[in-house]
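Read the figures in this text as sums done on the coordinates, not as results from a lab. Computed from a predicted model, the values in this text were never measured in an experiment. Methodologically, a virtual Cβ is constructed for each residue, glycine included, from the backbone with ideal geometry; neighbour enumeration extends over all protein chains shown.
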Amino acid sequence: MTDLLTANFADHWVLDPVAGLAGVADVSLVAGQIVSVTWRDGEAAARACWAAGANPGPGDPTVALLPALIDLHAHFRQPGANASEEVESGTRAAAHGGYGTVALMPNTEPAADNVETLQAAIAGERHSVRLLPIAAATVGRAGTQVSDVAALVKAGAVAISDDGSPIADRAIFRAALLAAAAAGIPLIEHCEDPTLTAGGEAADGLVASRLGLRPWPAAGELRAVESAIAVLRDVVVTAPTARLHLTHLSTAAALAVVRGAQGEGLPLTCDVTPHHIALTDGWIAGDSRWAWEVPVDDEFLVPTTAAFDSNLRVCPPLRTMIDAFACREALRNGTALAIGTDHAPHSREKKEVEFGLAANGIAGIETCLSVALSAHRAGELSLATIVAALTTGPARLLAITTTSVTPGAVASFVQVDLAASWRPSRATLLGRSINTPLLGRQLRGVVQLTVLEGRLAYQRPRAAFCATMVP
Ligand SMILES: [Zn+2]
């Protein structure tokens, strides 16, 4: 374990989403604690800057300090698939991605439907990253019997979910929602109607039909979302503490329905993933432009040599630029409270196969911040929106506090060079599996340091230490 840090971070672009402050500031640490944050133009200006989106202007510093990120949805594959990822490699990857807190999904082998497995899922070298286990909602994630939620919460579970698959039986789904309500935690649902999506390989549409991939229609998500909301509407009448969170939503249609239900006052939240805000199904045909760039046109739907990259196989599938726009709009208007990575590492054996046979999932915890910052550079998302979606938003769902960049706090923050760029590769990624379609792509936003609990949890190799160390 490294020493408690004493250092001055002068002239940084500092973001404090808890107090709603942003701007140029000097931050001083003594023995791991933030002792001062001095805003160059004063607090009133910092408050106005946050309200205006917290975006640095020309001439402002390009090295930023933000609170250590919080991920509400990751898979570290322990126990059962440690060859793909485990706590040691997953937390090393998380610290590189700027994360200080990660909630882990329970689709391990066996599933985390019991106290012993729940604890095994977070055991090991953590690189100072705080791990929050999510318990399986049903026994064996089989969807037929609700888990012992009270015992799992007592053992540390922060939510229940059968993620990886939906709770298809609506009576069981209802019982799980009630059990979570009684235990004071949210139910996180993976929304998919298997009667519509079984065998689906890519989003229903031009790309799937041109490439001959079996379709996964948008209705498969919409139907599941509508049905889940109908059950929630019924349950809150007798269980007002019920909370439902719909994870990795990917379609404009489903997000519109969620927004409507939130307008009714239902206790309903959702998140979107970095790949659904930034990538489209055109990537599967070899057209790897960001979702906000020029529309897909037919010439790119002739499969190129880059087509059928199985790192693009993910559930729910990548969709149209209209859906990706809706995912970004959901962040801007508050329908989605978080960007959840859905970090889903898979070993080469599970990915280096035909597209339709590949395991679903993208390893994304190390690239999420850079992908979001690419959207920022394109003018699609403000820094305030991004930082809130990666800190205070997920904290609200998980009922934890965000350790902000504020005097008196034990330092847990990430220093990121907004102007520098890097390329994901086996040499630069720290996770055990590198199943990402972003391999080799130049990404903006380089994490220089991640400081957790006052100590260095990650430092970029060979990078100049962008702070003054105080002896
Ligand atoms: Zn899922």
Checklist outcome for this item: The relative contact order of the chain, taking Cα pairs under 8 Å that sit 6 or more residues apart, comes to a percentage of 20
Checklist entry - Gln33's amide H: which non-local residues (gap 5+, or another chain) put their own amide H closer than 5 Å, with H modeled 1.01 Å from N in plane and none for Pro or chain starts? => result Ala411
Checklist outcome for this item: Residues of the range 175-216 with backbone N under 16 Å of the label point set 7 Å from the Cα of Asp169 along Cα→Cβ are 175-179, 194
Next on the checklist: At R0 = 30 Å, how high is the FRET efficiency between Glu125 and Val410 if r is their beta carbon distance? Nearest 0.05 is fine.
Outcome noted: 0.90
Checklist entry - Put a dot 7 Å past each Cα toward the Cβ at Gln262 and Thr38; how far apart are the dots in nm? => result 4.0
Checklist entry - What ³J(HN,Hα) values, in whole Hz, does the Karplus curve 6.51 cos²θ - 1.76 cosθ + 1.60 give for the range 214-221 when θ = phi - 60°, with x put for Gly and Pro? => result 6, x, 10, x, 4, 4, x, 7
Checklist outcome for this item: Summing +1 per Lys or Arg and -1 per Asp or Glu among the other residues with Cβ less than 12 Å from Leu131's Cβ gives -2
Checklist entry - Short version: ³J(HN,Hα) in whole Hz for each residue of the range 330-341, in order, from phi by Karplus 6.51 cos²θ - 1.76 cosθ + 1.60 (θ = phi - 60°), x for Gly and Pro, what are they? => result 4, 6, 5, 9, x, 4, 9, 8, 8, 9, x, 5
Item to check | Hz values of 3J(HN,Hα) by residue in the range 132-141 - Karplus curve (6.51, -1.76, 1.60), Gly and Pro given as x | outcome: 10, x, 9, 8, 5, 6, 10, 4, x, 6
Checklist entry - How would you order 7-19, 264-276 from highest to lowest mean count of nearby Cβ atoms within 10 Å? => result 264-276, 7-19
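Evaluate E = 1/(1 + (r/R0)^6) for Arg289 and Arg233, where r is the Cβ-Cβ distance and R0 equals 35 Å; express this FRET efficiency to the nearest 0.05. Present the calculation step by step, with values, prior to reporting the outcome.
Details: r = 40 Å, r/R0 = 1.14.
E between Arg289 and Arg233, to the nearest 0.05, is 0.30.
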Checklist entry - If each of Glu116 and Ala378 carries a label point 7 Å out from its Cα toward its Cβ, how far apart are those two points in nm? => result 4.8
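Multiply the residue gap between Val353 and Ala19 by 0.36 nm, knock off their C-alpha separation, and tell me the result in nm, one decimal place.
Details: separation 334, 0.36 × 334 = 120.24 nm, distance 4.83 nm.
Gain on extension, Val353 to Ala19, equals 115.4 nm.
For the range 184-230, report the translational diffusion coefficient in µm²/s to the nearest whole number, using Stokes-Einstein at 10 °C, 1.306 mPa s, and a Kirkwood Rh over Cα pairs. Mind showing how you got there, number by number?
Values: Rh = 11.6 Å.
For these conditions, the coefficient is 137 µm²/s.
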Item to check | Cut-off under 5 Å, modelled amide H: who pairs with Tyr99 long-range | outcome: Leu69
Next on the checklist: Skipping prolines and chain starts, which residues have an amide H placed within reach, meaning under 5 Å, of the one on Leu21, given they are 5 or more residues away or on another chain?
Outcome noted: Asp16
Checklist entry - If you take every DSSP beta bridge whose two residues both sit in the chain, what share of them, in percent to the nearest 5, is antiparallel? => result 55
Checklist entry - Just from its helices, what would the mean residue ellipticity at 222 nm be for the chain, if runs of 4 or more DSSP H residues each count -39500 (n - 2.57) and the sum is divided by every residue, rounded to the nearest 500 deg cm²/dmol? => result -8000 deg cm²/dmol
Next on the checklist: Rg over Rh of the chain, using C-alpha atoms and the Kirkwood radius, what does it come to?
Outcome noted: 0.95
Checklist entry - Which of Ala336, Ala183, Pro274 sits closest to the plus end of the dipole of the range 68-398, meaning its Cα is farthest towards the positive end, when Lys and Arg get +1 and Asp and Glu get -1 on the C-beta? => result Ala183
